[in-house]
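Beneath this line is the structure, given in structure tokens, with notes to follow.
The values are calculated or read from the model by the stated rules, or taken from the named source; none is laboratory data. Remember, predicted model here, so these are calculated numbers, not experimental data. When we count neighbours, we look across all protein chains shown, and the Cβ atoms used for this are built from the backbone with ideal geometry, even at glycine.
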Amino acid sequence: MTKYSIAVDIGASSGRLILGWLENGLLKLDEIHRFENKIVKKGDSYCWEADQLFQEIKNGLKKCNELGIKPDSIGIDTWAVDFVLLDEKDQPLTEAVSYRDPRTDGMMEQVFEKIMKERLYLETGIQFQKFNTIYQLYSIKQQSPEILDQAKSFLMIPDYFNYLLTGKKANEYTNATSTQLVNAFTKKWDHDLLDRLEINKEMFQEIKAPKTVLGTLKEELVSELGFDLQVILPATHDTGSAVIAVPEENETIYISSGTWSLIGVENHFPICVTKALDYNFTNEGGIDYQYRFLKNIMGLWMIQEVRRNYHNEYSFAELVDLAREAKDFKAVVNVNDDRFLKPENMVQEIMNYCVETGQPVPSTPGEVAKCVYDSLAVSYQDAVNEIEEIFERRFEKINVIGGGCQNEMLNQLVADVTKKEVYAGPVEATAIGNIVAQLMALDEIQDLKEARKIVKNSFEVKKYLPTAPITN
């Protein structure tokens, strides 16, 4: 009998419920429900509307019932690092504050006064970003210590939604590693780090691996929705799910392209050496306890903000066309500069950067878009060079996955700049990886090797070659 799984995939700008199942050895997908997600200002903080997001999850499940679909399982993935703290009555102590909130300004430096930067990297293997969970928690300790005193449960965003579905609390492994509080070698919460920061370690839950069956729906939800199903942990970190869908195992550098660009390789052990620290690479947890050795790059957030600054007058496709028309414009910004994390006006910030660095200043939407795409391609090339230096080998292929892989101009730029073959697809990598993990838990797919073979056969992947000859 065919097993049906629902992937709940929530990103920075939208979420959706996608139904997945196997048919004649191929993976089939059907989008059931799509909804908006955005950061809103609540008081002095920038927050996610967690309650509204959970309502949208329920709305999508109700649509399943209306369509006569009875899924066997559901798995939730979201972005990383953000969390909810619950009190002794399991009520949220704060809003679900976003990683783009400025509360972490200066916190990383304060943490380094308690824990040496090198030691923190040696133990966790996680990239230093000012919005990591460790710095969010430390900002609460500095600004509102009473909240941490009252906190009885720490749940990351997908953990919180899973709790609302099942009444069961757990911290899923791939997302937990993004906190910079999990020991890279023991794969458990690092109690020594927590003690040094004087953060209550009792509020953290047991870490559960992807493919864990967490439980079934609470009784009141079964009554509300009209059916029950199993809640299974995928890689709840959306990049962790996306990487599962990379068709070529250990043969390629991947770029998970969306609001963020995550560029890296899979590895069987963490690389916590000085050079990896210097280049600021991370060792995030993956499925089957593999490690995602990668670097966060600002990604298509910049073009999303550019479009917003132009009052959404242009579609993303039109911005690509305008960038092509501005082919002679040349200026490059450092996309990882903190000034681009949440500027008042992205277009103006890009122009300011060009002025400050003595470069041509973009003056049209096409020139601004061309600057963003060129800058992303250059940042990818730098990261590729660093990966090859650390691994002491050359990779011949780059596999771009996720929604950003539909940007043919950027794909060709990456091929031209890196002088490598670029493979674009699958587009729905995150949902695919989410569903694949569930189907493995349901014994519909044997293992990761079989899963990747199925993905390769099920979805289109486009190939891009450098326009100039490849020279070794």
Residue that is modelled with the highest pLDDT [pool: residues in the stretch 231-258 that are at negative phi and surrounded by fewer than 20 Cβ atoms within 10 Å (Cβ to Cβ)]: E251
Residues being in contact with a helix residue (DSSP H, G or I) (Cβ under 6 Å, 6 or more places away or on another chain) and not in a loop (DSSP other than H, G, I, E, B) - total across the stretch 296-319: 7
Residue check for N175: without any contact (Cβ under 8 Å) to a residue 60 or more places away in the chain, polar (S, T, N, Q) and surrounded by 15 or more Cβ atoms within 10 Å (Cβ to Cβ): no
Answer residue from the stretch 65-88, given it is over 26 Å from the mean Cα position of the chain (by Cα) and not basic (K, R) and is surrounded by the fewest Cβ atoms within 10 Å (Cβ to Cβ) among those: G68
Pairs, first on the phi > 0 side of the Ramachandran plot in the stretch 120-143, second buried (at least 22 other Cβ atoms within 10 Å of the Cβ) and outside any loop (DSSP other than H, G, I, E, B), C-beta under 8 Å, six or more apart: G125/T282; G125/N283
Any hit, the stretch 371-392, residues being outside any helix (DSSP H, G or I) and either surrounded by 23 or more Cβ atoms within 10 Å (Cβ to Cβ) or not assigned by TED's automatic domain parsing to the domain that holds W21 (or both): yes
Any chance R324 is in a helix (DSSP H, G or I) and basic (K, R): yes
Condition check for Y135: touching a Ser or Thr at 6+ places or on another chain (Cβ under 8 Å), under 28 Å from L53 (Cβ atoms) and crowded, with 21+ Cβ neighbours inside 10 Å: yes
In the stretch 441-467, the residues that are of a type in the set (A, V, I, L, M) and closer than 17 Å to A429 by Cβ: I445, L448, A451, I454, V455, V461
Members of the stretch 167-191 that are closer than 19 Å to Y135 by Cβ and among the β-branched types (V, I, T): T177, T179, V182
Pairs, first assigned by TED's automatic domain parsing to the domain that holds V265 and at positive phi in the stretch 282-299, second among the aliphatic types (A, V, I, L, M) and assigned to a strand (DSSP E or B), C-beta under 9 Å, six or more apart: G299/L262
Pick from the stretch 41-61, criterion part of a strand (DSSP E or B) and within 20 Å of the chain's Cα centre (by Cα), ranking: farthest from D159 (Cα to Cα): Y46
Conditions (1) closer than 27 Å to M302 by Cα; (2) more than 22 Å from the chain's Cα centre (by Cα); (3) without any contact (Cβ under 8 Å) to a residue 24 or more places away in the chain; number of the one not met by N24: (1)
Test for E388: is it more than 23 Å from Q304 (Cα to Cα), charged (D, E, K, R) and at pLDDT 95 or above: yes
Scan of the stretch 266-291 for residues that are outside any loop (DSSP other than H, G, I, E, B) and within 23 Å of D337 (Cα to Cα), ordered by number: T274, K275, A276, L277, D278, T282, N283, E284
Hits in the stretch 435-465 (condition: over 21 Å from G215 (Cβ atoms) and either in contact with a Phe, Trp or Tyr (Cβ under 8 Å, 6 or more places away or on another chain) or not in a helix (DSSP H, G or I) (or both)): I445, Q446, D447, F459, E460, V461, K462, K463, Y464, L465
Residue tally, condition out of contact with any helix residue (DSSP H, G or I) (no Cβ under 6 Å at 6 or more places or on another chain) and more than 16 Å from Y99 (Cβ to Cβ), over the stretch 16-43: 14
Residue match in the stretch 394-405 (condition: assigned to a helix (DSSP H, G or I) and surrounded by 22 or more Cβ atoms within 10 Å (Cβ to Cβ)): yes
Test result for E109, outside any helix (DSSP H, G or I), over 13 Å from L197 (Cβ atoms) and not hydrophobic (A, V, I, L, M, F, W, C): no
Some residue of the stretch 421-429 being modelled with pLDDT under 95 and part of a helix (DSSP H, G or I): no
Single residue of S256, S241 found to be part of a strand (DSSP E or B) and small (G, A, S): S256
All positions within the stretch 156-166 that are of a type outside the set (S, T, Y), more than 24 Å from K130 (Cβ to Cβ) and touching a Lys or Arg at 6+ places or on another chain (Cβ under 9 Å): N162, L164, L165
